[in-house]
Amino acid sequence: MTIQDIVNVLHAKVLCGEEKLSLPAKTACCSDLMSDVLAFVNEKTVLITGLTNPHVMRTADMLDLKCIVFARGKVPTDDMLEQAEEQGLIVMTTKVTAFTACGMLYEAGLRGVPIDWPKEGEA
Amino acid sequence: MSTMIHAVYPVKADDYTFAGEASTDIKRKLKQLGVDSKVLRRVSVASYEVELNLVIHSDGGELIMDVDEGGVTLISKDVGPGIPDIQMAMREGYSTADEEARSLGFGAGMGLPNMKRNADDFSIESEVGKGTCITMRFNLA
Ligand SMILES: Nc1ncnc2c1ncn2[C@@H]1O[C@H](COP(=O)(O)OP(=O)(O)OP(=O)(O)O)[C@@H](O)[C@H]1O
Ligand SMILES: [Mg+2]
């Protein structure tokens with residue numbers, strides 16, 4: 001799958017990074033908790049979130065993520081988009097809820113980002 | 001070993017707008033040095049976590065980065081309030097983050113364990129009323 005496929009599946013509107021839609025997308029994760037994203041995401045993945053604040057962009061930057069999908073029609077502020085542009089991020093927004101977006105993408109073949117930590121059962 | 005970079009970043013308490021600027025600059029400097037992308041990512045994540053903790057939990061402090069041929073050292077020092085029970089604070093899921101921090105997507109109680117996991121060496125010292133000092137070392141090559 002490519003980022004363009006994600007745009008098509010979600011009928012999403014691309015807000016920045018239009019020139020990079022041919023990049024591959026192997027996995028995705030969905031969270032409003034940036035602490036968890038920072039702790040569990042170990043590879044370049046697509047982040048689906050309903051949270052719109054500058055720390056979403058920052059978190060993506062620290063993890064070298066390339067694509068953020070804002071669900072339920074959320075649109076980041078112009079400042080955030082400027083920041084995303086600088087970071088070279090692809091940002092899109094879809095009308096559907098995060099749950100529905102995940103379901104549609106899963107059905108289209110996208111899978112969750114593998115998590116190797118913390119090990120299950122570990123306190 | 002000779003120091004290649006020494007940088008000090010003051011971090012203010014509760015300054016959520018500025019939070020992350022130090023880590024962004026640290027990442028930029030290390031990238032310019034040509035640091036391997038996997039190591040760069042580990043340093044960036046740990047740096048962002050420790051910087052956020054300074055903003056969310058401390059009364060203010062600073063983040064210090066030193067780079068030599070062998071690796072990167074990050075030190076976070078603050079002026080209080082200190083951590084009463086370090087063992088408890090290191091536990092996954094333990095958090096005293098307030099509403100504001102939680103509303104921004106933080107406060108999962110994952111920061112300290114995540115720093116420990118990402119760093120090659122991690123140490124934390126804290127004294128209530130005095131402050132907290134965290135030292136992390138990341139080996140290069
Ligand atoms: N610099 C500090 N000064 C005082 N207390 C701290 C400091 N850093 C961490 N703590 C305490 O340790 C707890 C655990 O920190 P940790 O970073 O693991 O989680 P968190 O910051 O609460 O949530 P998260 O990092 O997942 O957003 C904090 O909730 C806080 O009580
Ligand atoms: Mg934290």
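Among the listed residues B:80, B:93, identify the single one that is without any contact (Cβ under 8 Å) to a residue 40 or more places away in the chain and part of a loop (DSSP other than H, G, I, E, B).
Details: B:80 fails: without any contact (Cβ under 8 Å) to a residue 40 or more places away in the chain.
Checking each option against the conditions leaves just B:93.
Considering only residues that are farther than 19 Å from residue A:34 by Cα and within 14 Å of chain A (Cβ to nearest Cβ), look in segment B:12-28 and name the one that is surrounded by the fewest Cβ atoms within 10 Å (Cβ to Cβ).
B:28
Look through B:41, B:91 and report the one residue that is of a type in the set (D, E, K, R) and within 14 Å of ligand 2 (Cβ to nearest atom).
Working: B:41 fails: within 14 Å of ligand 2 (Cβ to nearest atom).
Answer to the selection: B:91.
Does residue A:89 satisfy the condition of being away from every other protein chain (no Cβ under 11 Å), modelled with pLDDT of 95 or more, farther than 28 Å from residue B:113 by Cβ and more than 16 Å from ligand 1 (Cβ to nearest atom)? Even if it seems obvious, please write down each step before you answer.
Numbers: away from every other protein chain (no Cβ under 11 Å): yes; modelled with pLDDT of 95 or more: yes; farther than 28 Å from residue B:113 by Cβ: no; more than 16 Å from ligand 1 (Cβ to nearest atom): yes.
In short, no.
Yes/no matrix, rows are residues, columns are (1) more than 15 Å from residue A:110 (Cβ to Cβ); (2) more than 9 Å from chain B (Cβ to nearest Cβ); (3) in contact with a Pro (Cβ under 8 Å, 6 or more places away or on another chain); (4) open to solvent by 10 Å² or more (accessible area, probe 1.4 Å):
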site	(1), (2), (3), (4)
A:39	yes, no, yes, no
A:46	no, yes, no, no
A:52	yes, yes, yes, yes
A:56	yes, no, yes, no
A:59	yes, no, no, no
A:66	no, yes, no, yes
A:72	yes, yes, no, yes
A:75	yes, yes, no, yes
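Could you grab me the full set of residues in segment B:73-99 that are open to solvent by 50 Å² or more (accessible area, probe 1.4 Å), touching an Asp or Glu at 6+ places or on another chain (Cβ under 8 Å) and within 7 Å of ligand 1 (Cβ to nearest atom)?
B:81
Sort out which residues of segment B:100-137 are within 10 Å of ligand 1 (Cβ to nearest atom), within 11 Å of chain A (Cβ to nearest Cβ), in contact (Cβ under 8 Å) with a residue 40 or more places away in the chain and not in a loop (DSSP other than H, G, I, E, B), and write them in order of number.
B:101, B:111, B:112, B:114, B:115
The values are calculated or read from the model by the stated rules, or taken from the named source; none is laboratory data. Fair warning: this is a prediction, and the values are worked out from it, not measured in the lab. Glycine also receives a Cβ, built like all others from the backbone with ideal geometry; neighbour counts cover every protein chain displayed. Ligands, DNA and RNA are excluded from the accessible area calculation, which covers all protein heavy atoms including side chains. Shrake-Rupley method; radii C 1.70, N 1.55, O 1.52, S 1.80 Å.
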